[in-house]
Amino acid sequence: MKSLLKIIVVLGIVVSVSSCQDKLNPNYQYMPNMYEPISYETNAESTAFNSPTGENGKVGQVPPDGTIKRGFVPYEIPNTTAGYEMAKATLKSPLDSTTVDMKNAQALFEIYCAICHGNAGDGQGKLVKQQKFLGVPSYKDRPTITEGSIFHVQTYGLNAMGSYANQLSQQERWQIAAYVIELKSKL
């Protein structure tokens, strides 16, 4: 009889403990923010940078007036025909002949320019031979190009050629300009 009573008491305790547990709503949550996070919409507006002036958070995301990014040197000549002529006539490379790494300049030229202008600068690059772009001039036919005009065209682009200011730093564009002048002298 005592063992039957013990079994009933143990069974009663097990039933009462298991009846209090709800698996859908646990009793205790440790670190509830990990279990129930605040969900954000991916492309929704954020109030993280809201300013007291009421400009919808744009003040905290915009650099202060008059600042430029580190290492950037502004290019003051405008993207006009007059600006091109001024660059051709007056702009000189800030690099001296000892700082121009011709092997690096050749590698940059072959990556960015040779696809249209050809490795020799003859205007017979792969895209020209496949007739994707027509009218790419040979450097031999352009007697008036200077380092300044080459740099200006690389910075802003000209006709079908786009700008390379985002892909190449100013120093790399000056190196390519020096390499183009060297190619022109070989043609």
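The values are calculated or read from the model by the stated rules, or taken from the named source; none is laboratory data. All of these numbers come straight from a predicted model, not from anything done at the bench. A quick note on method: Cβ atoms are made from the backbone with ideal geometry, for glycine too, and the neighbour counts reach across all protein chains shown. Ligands, DNA and RNA are excluded from the accessible area calculation, which covers all protein heavy atoms including side chains. Shrake-Rupley method; radii C 1.70, N 1.55, O 1.52, S 1.80 Å.
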At least 20 Å along the helix axis (C-alpha) and Kyte average at least 0.0, DSSP helices within the chain: 2-19
What is the count of Lys pairs in the chain whose alpha carbons sit under 22 Å apart, if the two are 8 or more places apart or on different chains? 21
Where does the longest stretch of the chain lie that holds no trypsin sites (Lys or Arg not before Pro) found in a DSSP loop with 16 or fewer other Cβ atoms within 10 Å? 133-187
Relative to the compact globular guide of 2.2 N^0.38 Å, what is the alpha carbon radius of gyration of the stretch 129-187, as a ratio? 1.15
Given a 1.4 angstrom probe, I'd like the percentage of the accessible area of the stretch 50-187 that is carbon and sulfur, rounded to a whole number. 53
In debye, nearest 20, what is the charge dipole magnitude of the chain about its Cα centre with +1 on Lys and Arg Cβ and -1 on Asp and Glu Cβ, if you could check? 620
Dimensionless Rg over Rh [the chain; C-alpha; Kirkwood]: 1.51
Using only helices, what value at 222 nm comes out for the chain when you add -39,500 (n - 2.57) per DSSP H run of length 4 or more and divide by the total residues, to the nearest 500 deg cm²/dmol? -12000 deg cm²/dmol
Net dipole in debye of the stretch 88-187 [+1 Lys, Arg Cβ; -1 Asp, Glu Cβ; about Cα centre; nearest 20]: 300
Taking the chain and dividing mean pair separation by its residue count, relative contact order in percent (alpha carbons under 8 Å, at least six apart): 17
Along the charge dipole of the chain, pointing to its positive end and built from +1/-1 on Cβ of Lys, Arg, Asp and Glu, which listed residue (T99, I7, Y30) has its Cα farthest out? I7
Could you report the stretch 68-187's accessible area per residue, 1.4 Å probe, as an integer in Å²? 61
Go ahead and set up a Gaussian network model of the chain, Cα springs under 10 Å, then flag whichever of N104, N159, N33 fluctuates most. N33
